[in-house]
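The values are calculated or read from the model by the stated rules, or taken from the named source; none is laboratory data. A quick note: this is a predicted structure, and the numbers were derived from the prediction, not measured. Because the Cβ atoms are built from the backbone with ideal geometry, glycine has one as well, and the counts that use them run over all protein chains shown.
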Amino acid sequence: MNFLIIGGYDTKNLGDYASFLALKKIFSEENPNFIVLSRHPNDNFSKEFDVTCIRNLDHQTKEQSHGRIFNGFNSNDNNDHLKKIYDEISKCDVVIIGNGRLFVDISLDFMKGPLSYFSIIVILAKFMGKPIVLSSISLVHPETDLGKKHLKFILNNSNAVLVRENYSSSVAKSYIDNPKKIITLPDIAFALTKNESNESSIYIEKNKKYVGVNFRGVDFTKNTNEDEIIVNAKKIESLIDNYDMDVLFISQCNYDVDSKITDDRVINKRVFEQLGRNYKKRCVLIEDELTLKETLSIYRNIEHLFTYRRHGFILALTQGTTASLICQEINTTIVKETVNLDSLYLGKHSDFNIPKIDITKVHALLEEKNAQCIQYKNIIKDIVCDYSM
C-alpha cells in the first residue's frame, strides 16, 4: 500500500515523529511504502524512520517566503518539486493529512499558509481520484471567514475525518455536510508501546531516581516576564526538596529555523539557569537533539514527567510512566476527554507535586486506547479498497 503523508514531520517535533511511527507500526503487515512531503526533506526525520521525503510547497525559511507565494509559483522558482508532488499523488493509494492541529489560518493569504496548502493538495488528489483521510487531528475554529471557507472545503472533500477528541468532532460538524465521515479515535500515538524504546538511557545513572520536566518553548515567548521563569525554577527546587530525586530537562521540539521560541531547549536552559547552585547539581540539562527512540527510553526510565506538551504526556504513559500535563492552552486542555484521570492534570500555576494514582488504572486505560488505534488501519484500508474496486 502506497501512502502520501502530509503533516508536521519536518519541524523536529517528536510528537509528530511518534504519530508517524505509530502509523508505520499499525500498517506494518501491509508492506507499506511511505512518501512524506517535507519542508526540509534532507533532515534527520528521513534517516531516523528510513522513509523517502520530497520537498513540499514551503520555502526553506520564513524570511525567504516574504512577499512570495508558495515555492514553485514565483518568477524564476525551480519547480522540479511540483512534478514530484504530482507524480507521488498519482502513484499513491491514499493521501493522509495529519497528525495534529494543522488547519489554522496562520499566514493565510492567496497561496500562502497551511490552509491554502492543504486545499491545493485536496484539489490535486480529487483530480486524480485519490482518497483523502484526515488522520488523528484536532480542530479549532479558524479566526477568519476565509479560513472557515478553507476548512469547510477540506473537510467536505475528505473521505474520513479522524479526530482525537469530541471537541474536535463538534468543530467539524459546524462545517461538514456529511457528519458520518467524522470519527473520534484516540491520538494515534497511543499505538506505541515500550517496544519502541531502549531499556536504558545514557542520561540515566543506575541507582538514581529521576523526574522529567518538559517545557514547551512556544508557551514562553521571548517577551515572557523573567518572573515566570523564576517561578518555574522555584517549582523545580521544591520538587527536588520534596522527593529527593534528580531532574532531567527534556526537549520534544528542537525546531529553530525561523525562531528560537520553537526550540524547547531554549526555555529549558532559561529555567535551569535560574536554579540555585546546589539544585543545578541535581539536574541534567539535555542539550542534545534527541531521537524519538532516545526520548522514549528516557521516559521509560524516570519516575514521573511534568510536561507542557500533549505528546510528552501521551508518550510517557505509553512507556509505563505517569505524567502530569500542564494545561494552559486548548490543545492540552482537551486531552482530558481522552485520558479521564483528573489527578494527572495541572494548571499553569500549580506546584510540581507527583500525584498519587492507581497505576493499574493507567495501564487499563493504555490497553484500551492502544486497542482502539487499530481502527485507523481498518478505516483507511476500507476506503482504499472502495476506491480500487
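For Asn378, all conditions in the list (1) in contact with a strand residue (DSSP E or B) (Cβ under 6 Å, 6 or more places away or on another chain); (2) assigned by TED's automatic domain parsing to the domain that holds Asn13 hold save one; what is the number of the exception?
Only one criterion is unmet by Asn378, namely (1).
Go through (1) surrounded by fewer than 17 Cβ atoms within 10 Å (Cβ to Cβ); (2) in contact (Cβ under 8 Å) with a residue 24 or more places away in the chain for Cys53 and report which single condition fails.
(1)
Please pick out the residue among Gly113, Gly100 that is surrounded by 15 or more Cβ atoms within 10 Å (Cβ to Cβ), within 30 Å of Thr184 (Cβ to Cβ), free of Cβ contacts under 8 Å to residues at least 24 places away in the same chain and of a type in the set (Gly, Ala, Ser). Explain how you work it out, then say what you get.
Values: Gly100 fails: free of Cβ contacts under 8 Å to residues at least 24 places away in the same chain.
Just one listed residue meets the conditions, Gly113.
Out of curiosity, is Phe118 surrounded by fewer than 21 Cβ atoms within 10 Å (Cβ to Cβ) and either under 24 Å from Ser170 (Cβ atoms) or not small (Gly, Ala, Ser) (or both)?
no
Scanning for something more than 20 Å from Gly8 (Cα to Cα) and touching a helix residue (DSSP H, G or I) at 6+ places or on another chain (Cβ under 8 Å), does segment 134-145 turn up at least one residue?
Checked against the condition, which is being more than 20 Å from Gly8 (Cα to Cα) and touching a helix residue (DSSP H, G or I) at 6+ places or on another chain (Cβ under 8 Å), segment 134-145 yields no hits at all.
What pairs come up if the first residue lies in segment 1-21 and is assigned to a helix (DSSP H, G or I), the second is acidic (Asp, Glu), and their beta carbons are under 7 Å apart, counting only those six or more places apart or on different chains?
Once the first residue is assigned to a helix (DSSP H, G or I) and sits in segment 1-21, its partners that are acidic (Asp, Glu) give Leu21/Glu196.
Which is out of contact with any strand residue (DSSP E or B) (no Cβ under 9 Å at 6 or more places or on another chain), part of a helix (DSSP H, G or I) and not hydroxyl-bearing (Ser, Thr, Tyr), of Leu124, Leu115?
Unique residue meeting the criteria: Leu115.
Give segment 333-364 a look and list any residue that's in a helix (DSSP H, G or I), out of contact with any strand residue (DSSP E or B) (no Cβ under 8 Å at 6 or more places or on another chain) and either within 20 Å of Tyr167 (Cα to Cα) or without any contact (Cβ under 8 Å) to a residue 12 or more places away in the chain (or both), or say none.
Ile334, Glu337, Asp342, Thr360, Ala364
Filter segment 25-63 for residues that are of a type in the set (Gly, Ala, Ser) and under 19 Å from the mean Cα position of the chain (by Cα); which is modelled with the lowest pLDDT? First the steps, then the outcome.
First, pick out the residues of segment 25-63 that are of a type in the set (Gly, Ala, Ser): 28, 38, 46.
Applying the additional criterion that residues be under 19 Å from the mean Cα position of the chain (by Cα) yields 38, 46.
Details: Ser38: 94, Ser46: 90.
Once the filter is applied, the top-ranked residue is Ser46.
Residues to consider are Phe306, Phe313; find the one that is crowded, with 17+ Cβ neighbours inside 10 Å, without any contact (Cβ under 8 Å) to a residue 40 or more places away in the chain and closer than 27 Å to Asn340 by Cα.
That would be Phe313, the only listed residue that is crowded, with 17+ Cβ neighbours inside 10 Å, without any contact (Cβ under 8 Å) to a residue 40 or more places away in the chain and closer than 27 Å to Asn340 by Cα.
Here are Leu21, Leu4: which of them is farther than 17 Å from Tyr117 by Cα and either among the hydrophobic types (A, V, I, L, M, F, W, C) or surrounded by fewer than 17 Cβ atoms within 10 Å (Cβ to Cβ) (or both)?
Leu21
Any idea how many residues of segment 130-159 are free of Cβ contacts under 8 Å to residues at least 12 places away in the same chain and either surrounded by 23 or more Cβ atoms within 10 Å (Cβ to Cβ) or of a type in the set (Lys, Arg) (or both)?
Qualifying residue count, segment 130-159: 1.
Give the residue, chosen from Asn353, Asn340, Asn331, that is of a type outside the set (Ser, Thr, Tyr) and modelled with pLDDT of 95 or more.
Asn353
Name every residue in segment 169-201 that is farther than 22 Å from Pro131 by Cβ and hydroxyl-bearing (Ser, Thr, Tyr), in order of residue number.
Ser170, Ser174, Thr193, Ser197, Ser200, Ser201
Might you check whether a residue that is surrounded by fewer than 22 Cβ atoms within 10 Å (Cβ to Cβ), basic (Lys, Arg), in contact with a Cys (Cβ under 8 Å, 6 or more places away or on another chain) and more than 20 Å from Tyr9 (Cβ to Cβ) occurs anywhere in segment 321-339?
Yes.
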